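The values are calculated or read from the model by the stated rules, or taken from the named source; none is laboratory data. Given the structure is predicted, the values throughout are model-derived calculations rather than measurements. Glycine gets a Cβ as well: all are built from the backbone with ideal geometry, and neighbour counts include every protein chain shown. The accessibility values were calculated without ligands, DNA or RNA, using every heavy atom of the protein model including side chains. Shrake-Rupley method; radii C 1.70, N 1.55, O 1.52, S 1.80 Å.
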Amino acid sequence: MTDDHGTEFIASLNDVTRSFTQGSVTIDVLRGVDLHIKPGEIVGLVGPSGSGKSTLLQAVGLLEGGFGGSIILGGVEAAGLDSAGRTAIRKEFLGFVYQFHHLLTDFDAMENVVLPQLIHDSDRSVAEARAEELLTALGLGSRLNHRPSKLSGGEQQRVAVARALANRPQLVMADEPTGNLDEVTSQIVLDQFLSLVRGEGSAALIATHNERLAAKMDRVVKLKEGRLIEM
């Protein structure tokens, strides 16, 4: 799918729905969501807690099935894929940053960024050079050999950002990536995150409850009553 100028969207959601059943009650979380992201575009996703931001990220990130509508990533219709098919696209196409860093505690910062690349069949020396490049760009050049327990919350989240970008994903997904940090650290980490994503040329969809932080992004959409509204 393309825009009015013929640019191919990196991600395109059309009439995406998602419902959950609790007992005899059905809850419609997504009610016909349309979202189109251009290559290199950084889109902020805002909305109050419980509005469905994480559910929408799960749809774009192919983290589970059960969604109605069309989900096209890199020109591939992915909504109907089985688990193996979704995993293959995630591996080749997507990077993820979560609110909690989920670093491997027995490995240092470098190793946490190297390992995903080795799983992606990268040569170790290439993976180490890439990890050092990313971590240094995030201000962690002197902390490469520190384990997560020796890093501050902001530093841990920077490592998580480097890990998400390690395999050069076309689209980075981030779910409240600074939600666990204080306001000052949030500003610093997000600025570094956005700068690095832009420098890498990746697109990004970043969910946040903080509309001031979202305003730093190229475009902002808001989830309201299961539908997206352009801000």
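Please compute the contact order of region 93-231 in relative form: average sequence separation of alpha-carbon pairs under 8 Å and at least six residues apart, divided by the residue count, as a percent.
After rounding, I find 28 percent.
Would you tell me the accessible area of H146, worked out with a 1.4 angstrom probe on the heavy atoms of the protein chains, in Å² to the nearest 10?
Per-residue accessible area (H146): approximately 60 Å².
For region 150-201, what does the relative contact order come out to in percent, with C-alpha contacts under 8 Å and a separation of six or more?
Values: 22 pairs, mean separation 23.3, N = 52.
Result for region 150-201 is 45 percent.
Between R168 and N180, 0.36 nm times their residue separation minus their Cα-Cα distance comes to what?
1.8 nm
When only DSSP loop residues count, what GluC sites (Glu not before Pro) in region 54-132 have their Cβ near at most 13 other Cβ atoms within 10 Å?
The qualifying sites are E64.
For L104, what accessible surface area do you get with a 1.4 Å probe? Give it in Å², rounded to 10.
Ignoring ligands and nucleic acids, L104 comes out at about 80 Å².
Evaluate E = 1/(1 + (r/R0)^6) for D106 and S83, where r is the Cβ-Cβ distance and R0 equals 25 Å; express this FRET efficiency to the nearest 0.05.
Working from the Cβ atoms, E equals 0.35.
Give me the extension gain from D15 to R31: residue separation times 0.36 nm, minus the current Cα-Cα distance, reported in nm with one decimal. Provide the component values of the computation, followed by the final result.
Working: separation 16, 0.36 × 16 = 5.76 nm, distance 0.75 nm.
Net length gain for the segment: 5.0 nm.
State the label only: which of [x] 1.20; [y] 1.00; [z] 0.97 corresponds to Rg/Rh (Cα atoms, Kirkwood Rh) computed from the shown model?
Label of the calculated value: [z].
Heavy-atom accessible area per residue, the chain, 1.4 Å probe: how many Å²?
Result: 47 Å² of accessible area for each residue.
In degrees, nearest 10, range 0 to 90: what is the angle between the Cα axis of helix 109-119 and the longest Cα principal axis of the chain?
Its long axis makes an angle of about 60 degrees.
Please name whichever of G201, P116, F9 sits farthest to the positive end of the charge dipole of the chain, dipole taken about the Cα centre and charges placed at Cβ: Lys and Arg +1, Asp and Glu -1.
Of the listed residues, the answer is P116.
With the cut-off at 25 Å, tell me which of the pairs K38/K216; K38/K224; K150/K216; K91/K216; K38/K222 have Cα atoms farther apart than that.
K150/K216; K91/K216, as the Cα separations exceed 25 Å there.
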